[in-house]
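Here is the structure we will look at, set down as structure tokens.
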Amino acid sequence: MEIADWRKKIDAIDLQMLELLNERARAAHAIGVLKRGNQAPIYEGDRERAIFAKLQEANHGPLTNEDITLIYTQIIAIMRDLQTRP
Ligand SMILES: C=C(O[C@@H]1C=C(C(=O)O)C=C[C@H]1O)C(=O)O
């Protein structure tokens, strides 16, 4: 494939990822509404550690587990922030 073909593939993947990230954000926001209703803490370290462990176990590259951790650290931080919004 040529560069233009690979870029078309990346553009399509980006749109899929955008949809999935927003779907994840909607789920996290719904959890946030429930937590606020129960005065429960937004941050749940055990849950986050379980997500990282599960992703690292499922990861077969070419991204390294460190790459995945960097990406998900940002994603989860944004999800936590989203949970504080109305
Ligand atoms: C979404 C939640 O809230 C926070 C955000 C998480 C996430 O984005 O996966 C995980 C744990 C919490 O720190 C949750 O508790 O499940």
Matching residues, the range 51-60, being more than 9 Å from the ligand (Cβ to nearest atom) and surrounded by 10 or more Cβ atoms within 10 Å (Cβ to Cβ)
Phe52, Ala53, Lys54, Leu55, Gln56, Asn59
Say we look at the range 35-48 and pick out the residues that are farther than 23 Å from Leu70 by Cα and surrounded by 11 or more Cβ atoms within 10 Å (Cβ to Cβ); which of these is farthest from the ligand (Cβ to nearest atom)?
Arg36
How many residues, within the range 61-78, are surrounded by 11 or more Cβ atoms within 10 Å (Cβ to Cβ) and over 24 Å from His29 (Cβ atoms)?
4
Would you check if there is a residue in the range 65-76 being within 22 Å of Glu23 (Cβ to Cβ), in contact with a Phe, Trp or Tyr (Cβ under 7 Å, 6 or more places away or on another chain), touching a residue at least 24 places away in the same chain (Cβ under 8 Å) and within 8 Å of the ligand (Cβ to nearest atom)?
no
Output the residue which, of all residues in the range 17-32 that are more than 13 Å from the chain's Cα centre (by Cα) and either over 17 Å from Ile78 (Cα atoms) or in contact (Cβ under 8 Å) with a residue 40 or more places away in the chain (or both), is nearest to the ligand (Cβ to nearest atom).
Ile31
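Throughout, read-outs are computed from the coordinates displayed, never taken from laboratory work. Keep in mind that what you see is a predicted model, and the values were worked out from it rather than measured. Cβ coordinates were reconstructed from backbone atoms using ideal geometry, including for glycine residues, and neighbour counts include every protein chain displayed.
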